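Input: a single structure, listed below in structure tokens.
The values are calculated or read from the model by the stated rules, or taken from the named source; none is laboratory data. No experiment lies behind these values; they were computed from the predicted model shown. Every residue, glycine among them, receives a Cβ derived from its backbone with ideal geometry; neighbour counts consider all protein chains shown.
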């Protein structure tokens with residue numbers, strides 16, 4: 001099966017814009033629609049016509065462009081069933097256990113609440129790629145706004161259980177700040193030290209830090225590593241449950 005073309009671009013202050021394009025069918029999807037003008041420019045640059053918007057959650061910095069883009073293109077908008085009342089313009093609502101087709105490719109839906117109560121992530125198994133919105137970031141995770149730590153930890157575990165070589169596309173470019181924080185949690189992790197230096201160099205050249213991969217995040221992202229003894233001992237939480245260690249790391253990030 002043909003490989004999807006992926007085009008990334010920055011928009012708003014720190015949002016990742018992502019377009020995916022299937023050459024066989026000619027379909028093009030925007031993952032969320034942070035800013036209509038930015039999506040238009042990206043489409044024009046690639047010479048693609050928008051056919052879909054795939055929405056991860058209801059926050060305005062992921063949905064502001066939907067109305068204008070749908071009006072102009074007639075694109076189909078697919079988004080989370082649990083947030084349908086908060087997202088105008090949805091044509092199809094989906095939840096965990098649902099799949100839909102994007103050209104010849106199957107898209108599987110995961111419920112990944114925590115950042116918002118109805119957040120979803122979208123997985124394209126034959127492409128080994130997943131779009132995780134604001135649930136997971138490179139060396140970080142989303143702020144828990146509408147959920148609780150146990151809910152967010154459960155969502156992160158779903159992403160962590162995807163095949164190790166799955167590429168992950170996140171909603172924001174927070175990577176350098178996340179790397180600095182991660183080093184306060186696990187300074188003895190050599191892979192994290194190397195990854196932090198790598199992303200600082202990338203950003204210094206104005207290059208993007210994603211996609212990341214499941215295996216890379218499992219090695220370097222403290223929010224996926226609460227079972228690691230060195231982290232537990234550093235936090236004084238050797239006997240706590242994994243989600244409790246995760247909750248402490250998230251609270252420290254909130255204060256950082």
### Summary
Scanning the range 95-108 for residues that are in contact with a helix residue (DSSP H, G or I) (Cβ under 7 Å, 6 or more places away or on another chain) and either outside any loop (DSSP other than H, G, I, E, B) or modelled with pLDDT under 95 (or both) gives 105, 106, 108
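Take residues that are surrounded by fewer than 19 Cβ atoms within 10 Å (Cβ to Cβ) and modelled with pLDDT under 95 and tell me which of the strands (runs of 3 or more DSSP E) falling wholly in the range 1-94 contain 2 or more.
Here the list is empty.
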### Message
Can you find a residue that is modelled with pLDDT of 95 or more, over 21 Å from residue 16 (Cβ atoms) and within 15 Å of the chain's Cα centre (by Cα) anywhere in the range 109-120?
### Response
yes
### Task
With the condition kept exactly as written, say whether any residue in the range 29-39 is in contact (Cβ under 8 Å) with a residue 24 or more places away in the chain, in contact with a strand residue (DSSP E or B) (Cβ under 6 Å, 6 or more places away or on another chain) and more than 18 Å from residue 131 (Cα to Cα).
yes
### Query
What helices (runs of 4 or more DSSP H) lie completely within the range 159-250 and have 2 or more residues being under 18 Å from the mean Cα position of the chain (by Cα) and at pLDDT 95 or above?
175-185, 214-220
